[in-house]
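The values are calculated or read from the model by the stated rules, or taken from the named source; none is laboratory data. For clarity, every value in this text was computed on a predicted model and none was experimentally measured. Glycine gets a Cβ as well: all are built from the backbone with ideal geometry, and neighbour counts include every protein chain shown. What goes into the accessible areas is simple: the full protein's heavy atoms, side chains included, and nothing from ligands, DNA or RNA. Shrake-Rupley method; radii C 1.70, N 1.55, O 1.52, S 1.80 Å.
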Amino acid sequence: MKITVDQDKCCGAGTCVLLAPDVFDQRDEDGIVVLLDEAPSEELHSLVREAASVCPASAIEVSE
């Protein structure tokens, strides 16, 4: 799994951070997503997929 985020699309909802805090964070100044781990371990894959699917801005892309 490889993850990319589009910070220009991100609206700062923070759902990704709530679902997968080991993979995503938010910038303090504006809440925009920060990718902490672009290739997370397999046990996090389902959480990352869920975070991508519920992202209101579709700012997270997952490739297998």
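Other residues with beta-carbon under 9 Å from the beta-carbon of Ala57 carry, at +1 per Lys or Arg and -1 per Asp or Glu, a net charge of 0. Estimate the FRET efficiency between Val62 and Arg27 by the formula 1/(1 + (r/R0)^6), using the beta-carbon distance for r and 22 Å for R0, to the nearest 0.05. Approximately 0.55, to the nearest 0.05. In the assembled protein chains, Ile32 presents an accessible area of approximately 20 Å² (probe radius 1.4 Å).
By a 1.4 Å probe calculation restricted to protein chains, Ser41 has an accessible surface near 50 Å², given to the nearest 10. Summing Lys and Arg as +1 and Asp and Glu as -1 over all other residues whose Cβ lies under 15 Å from the Cβ of Asp37 gives a net charge of -4.
Protein heavy-atom accessible surface, 1.4 Å probe, per residue over the chain: 60 Å². Stokes-Einstein diffusion for the chain at 25 °C, viscosity 0.890 mPa s, with a Kirkwood radius from C-alpha pairs, works out to 218 µm²/s.
Count Lys and Arg as plus one, Asp and Glu as minus one, and take only other residues whose Cβ is under 12 Å from that of Leu47; the net charge is then -4. Between region 1-28 and region 37-64, how far is it from one alpha carbon centroid to the other, in angstrom? That distance is 9 Å. The angle between the Cα long axis of helix 45-54 and the main principal axis of the chain comes to about 40°, on a 0 to 90 degree scale.
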